[in-house]
Amino acid sequence: MKKNFGFFLLLWFFLGYSQEKTIVSDWTSFTQAVNIEHKQNWNFRITAKIRKENEDNGSNCGLWCRINNKDESTSFFENQYYGIQVTREWKTYEIKGTINPSAKTMTIGAFAQNNGDFYFDDFKLEVNDGKSKKWIEIPLENSGFEKDITSGGWFEGIHSQKIKHVKHFTIELRIINHSVVTNLC
């Protein structure tokens with residue numbers, strides 16, 4: 001009987017961990033992971049258009065980027081939590097850096113914090129080998145959010161493994177001036 005109880009307890013633990021999680025937080029994000037193993041020592045830039053409806057001082061949004069190495073350590077991390085002031089007007093924001101020699105994946109995304117309507121559109125990832133002035137675009141899936149965010153390459157949360165839905169935030173598509181954009185609210 002003890003063996004069966006232990007087995008069921010272990011099974012319950014693994015099944016519970018594999019399910020979608022809902023958490024409570026004052027911020028949320030969405031991400032997309034890209035393999036960059038063959039772009040070591042290259043420069044990169046990530047751009048996206050962002051705006052927000054709410055001018056509340058407590059609300060915030062922006063881009064973020066993390067590069068994970070082959071050994072799963074982090075070699076680059078930047079978010080725009082303190083670096084930008086998003087307004088009601090569409091503006092293109094950017095994160096730049098260099099891909100480290102042991103890099104494996106780059107996770108890019110956006111975050112939103114506190115109350116408001118936050119809009120994101122036209123994500124781009126571009127790389128440059130450092131020897132040429134030409135930037136090469138690495139295609140992102142659903143970069144302009146023509147499809148629902150969770151069915152088009154993006155994941156809610158900070159990892160691409162399991163969706164972590166944040167209570168009180170909704171991710172939805174909206175059409176604004178004939179463009180489809182992702183809205184976090």
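List of remarks:
- Note on segment 115-143: residues that are modelled with pLDDT of 90 or more and open to solvent by 70 Å² or more (accessible area, probe 1.4 Å) total 6.
- Phe13 being open to solvent by 40 Å² or more (accessible area, probe 1.4 Å), modelled with pLDDT under 90, not in a loop (DSSP other than H, G, I, E, B) and not charged (D, E, K, R): yes
- Test: residue in segment 70-80 that is over 14 Å from the mean Cα position of the chain (by Cα), open to solvent by less than 70 Å² (accessible area, probe 1.4 Å), under 23 Å from Glu137 (Cα atoms) and not basic (Lys, Arg): yes
The values are calculated or read from the model by the stated rules, or taken from the named source; none is laboratory data. Remember, predicted model here, so these are calculated numbers, not experimental data. Accessible surface is based on the protein model in full, side chains and every heavy atom, while ligands, DNA and RNA are left aside. Shrake-Rupley method; radii C 1.70, N 1.55, O 1.52, S 1.80 Å.
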